[in-house]
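Have a look at the structure below, then the notes.
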Amino acid sequence: MIASLLFTSLNLWAVCENPTGLTVSELGDTKVTLNWDAVNGADQYRLAYRVKKNRKWVAVLKTSETSYLVEGLNTGTPYEWGIRVFCGDNQSKFIFGPEFTTSGPAACGLPENLAATAVSETSLNFNWDDANGSTSYRLIYWKRDGRGNDTDPSPNAQWIETSSSQVTIDNLQSGTTYLWTVRNVCKAVPLQSALTAFNEVTTLGTLRCEDPSNMQATYISSDRMELSCDPAQGSTKYRFAVKETGAEDWIEIINTTENSAQITVDPSKQYQWGIRVICENDGTVSRLLDGYNFTSESPCDVPSNLASRTLNNGALRLTWTQPSNASSSQIRYRELGTNSWTFVSSTSNRKDLRDLPANTVFEWQLRTICSGSAQSASVYSETAYFNTSCDTPKRLSFGLGKNNRLTLRWDNVRNVSSYLVQYRVVGQTEWIEETTNRNRLQLNNMPMGITYEWRVKATCSNDSQFSPFSEFSIPDPNAPNMANGKFDLGTGTETTTNNTLQLQLNAYPNPVVDILNVAVNGTQGNAVARILNSAGKLILEQEIPSSGGALDVSTFKTGIYILQVVTQNQMLTDKIVINHSSFR
């Protein structure tokens, strides 16, 4: 409760004016008057005081006055205090006033120089310096279970009273962190000191709650930071703590189930921070580990121009423009659609990745790690993408050279090692296969007047998909109606011509919902219409008059298909789209 009153979130700082003119008056054995100047727009003031170096504050809930009489203090005791201004829903920073010491005989002295050592997996030794006026000490210790707070021990704490300033405790749990504190008891006064600051010690053995790792402070803006660590095994909560560099007390403590937290900071100051993992399932917590200091005055620049390419050795290279203030970069990537990142680092502007799964799309980002007066990290860059699949060959075509030498061609695929070409006579099922390391293939001694269908796929570090089908043939000079044609599936049309005859395939509507009308202009007699799916499988064959016929495609799935129409001595091809949703 007291912590929540004092350590209010930083994101409201500097909205009200900070209090000024803090002074002390009417100082006595057990009382003091604390004063401050009025602040414009102030509704109320919140005051807190404590014994110097004690972790426990005493809070005065609210007052509208500019002074406050504090009574019931310990005699001869140093105190510190501070005040915060409230303006409606907003508030100022907590400003410390001048320290003071009450008059009278010194109160019970606070034990100092606390130390603890792990003796074994089940034993710990505690010791401290003797304190003035002591007749005994009360040692309080508890397993770090996340149930205490920053000023009070856990409800599960145990204690022993001893006249010695050195104690060994046995029968503890191995690999477990304990917190402890000491109070001086001065029965002759009779008084007792405040509790000392909490300290940590861990018995020998393996820690049961995993410590935070890969701790990062990332700039969101000049006054906004994100603190994070990698997910810790067994964690149920994370505790983030922030304080000004060199200060004794944490000014913000955030408990969250997420492994990151955002805070608002003053751009003119430097901060320290730490993370603790809480594993409530087994009742333990990790050590509190400090991250590197940060200041928001000079944030790291963000990397830019992210790019990727596949190398000839099969590795995938990521490149980017490295900011001038970078000492290194942290890259993270993951399969698209998954949640877990893989982290790698680089001291240059590139990183090679190997042994990635084939035919997979990845997203990736990176950020700059820079060091100067305080080490820091930039925000992550915009997301870029890469994939580990070969591109499918495109723009298939063929050409006929001297002596009827037929050459199949297609666009080159980047980083390819070879191509697999398959061709067969239209209507047959068995493929003939050829391999080439160039983006063309020459076929010799092919029979004339026969139409072939063919396709090609690329091999990089893995195989691409096969291209859509295309067709080729060597015209028979004895067949006067055979055209010397050229078909490119990328255009979706084909026109065949010679000196005496021009045929035109007319298929409509395209896209089609249920009935496709097909006609061949410029010829007589019947024709055969075929529809093939994208894999080249024949799914419909129907005889139609050349003047026109109707094909029922209502039962076919939405997608792209190949239409072939065979006349007496020619084949014409078109690409059609079946789209049932256009009818709805």
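Any read-out appearing in this document is the output of simple, stated calculations on the displayed coordinates, not a laboratory observation. In this text, all values refer to a predicted model and were calculated from it rather than measured experimentally. A quick note on method: Cβ atoms are made from the backbone with ideal geometry, for glycine too, and the neighbour counts reach across all protein chains shown.
Can you classify region 66-127 as rounded, prolate or oblate using the Cα gyration tensor, where a ≥ b ≥ c are the square roots of its eigenvalues, rounded means a/c under 1.5, and otherwise it's prolate if a/b beats b/c and oblate if not?
Note, shape of region 66-127 comes out oblate.
What are the ³J(HN,Hα) couplings of region 250-264, residue after residue, when phi is run through the Karplus curve with 6.51, -1.76, 1.60 and θ = phi - 60°? Round to Hz, x for glycine and proline.
Those phi angles translate into 6, 9, 8, 10, 10, 9, 8, 7, 8, 8, 8, 8, 9, 9, 9 Hz.
Would you please classify the overall shape of region 304-387 from the alpha carbon gyration tensor, given that a ≥ b ≥ c denote the square roots of the eigenvalues, rounded means a/c under 1.5, and beyond that prolate means a/b larger than b/c while oblate covers the rest?
Details: a/c = 2.33, a/b = 1.68, b/c = 1.39.
Prolate, since a/c reaches 1.5 and a/b exceeds b/c.
Rank the residues 391, 552, 230, 89 as a footprinting-exposure proxy: fewest other Cβ atoms within 10 Å of their Cβ go first.
Values: 391 17, 552 11, 230 14, 89 8.
With the fewest neighbours first, 391, 552, 230, 89 line up as 89, 552, 230, 391.
Which entries of 93/269; 237/269; 31/52 have Cα-Cα distances beyond 18 Å here? Don't skip to the answer; put the middle values down first.
Working: 93/269 13 Å; 237/269 28 Å; 31/52 15 Å.
From 93/269; 237/269; 31/52, over 18 Å: 237/269.
Just add up the charged neighbours of residue 442: K/R +1, D/E -1, any other residue whose Cβ is under 11 Å from the Cβ of residue 442. All intermediate terms of the calculation are to be shown ahead of the outcome.
Values: positive: 405, 409, 438, 440; negative: 434.
Net local charge, residue 442 excluded: +3.
Could you sort the peptides 115-122, 377-384 by per-residue average Cβ neighbour count (10 Å cutoff), highest mean leading? Kindly include the intermediate steps, with their values, before the conclusion.
On the way: 115-122: 14.5, 377-384: 17.0.
So the peptides 115-122, 377-384, ranked by packing, come out 377-384, 115-122.
Using R₀ = 56 Å, calculate the FRET efficiency as 1/(1 + (r/R₀)^6) where r is the Cβ-Cβ separation of residue 270 and residue 463; round to 0.05.
Details: r = 55 Å, r/R0 = 0.98.
Efficiency at R0 = 56 Å is approximately 0.55.
Quick check: pseudo-label points 7 Å beyond the Cα along Cα→Cβ at residue 18 and residue 528, how many nm apart are they?
The two pseudo-label positions are separated by 9.1 nm.
Cut-off is 10 Å between beta-carbons; in what order do 467, 418, 324 appear when sorted fewest neighbours first?
Numbers: 467 23, 418 13, 324 7.
By the 10 Å Cβ count, ascending, the order reads 324, 418, 467.
Work out the FRET efficiency for residue 289 and residue 35 from their Cβ-Cβ distance, taking R0 = 35 Å, and round it to the nearest 0.05.
On the way: r = 41 Å, r/R0 = 1.18.
The formula returns an efficiency of 0.25 here.
Enumerate the amide H contacts of residue 360 below 5 Å, restricted to partners 5 or more residues apart or on another chain; note that Pro and chain-start residues carry no placed amide H.
388, 389
What lysines does residue 394 reach when the alpha-carbon gap must be under 18 Å and sequence neighbours fewer than 8 apart in one chain are set aside?
The reachable lysines, counting only those whose Cα sits under 18 Å from residue 394, are 457, 486, 575.
Using each residue's phi in region 214-220, evaluate 6.51 cos²θ - 1.76 cosθ + 1.60 at θ = phi - 60° and report the 3J(HN,Hα) Karplus result to the nearest Hz, with x for Gly and Pro.
Once θ is set to phi - 60°, the couplings for region 214-220 become 6, 6, 9, 10, 10, 6, 9 Hz.
Determine the gain in length on full extension of the stretch residue 539-residue 355; use 0.36 nm per residue of separation and subtract their C-alpha separation, reporting nm with one decimal. Don't jump to the answer; show the numbers that get you there.
Working: separation 184, 0.36 × 184 = 66.24 nm, distance 3.97 nm.
Result: 62.3 nm gained on full extension.
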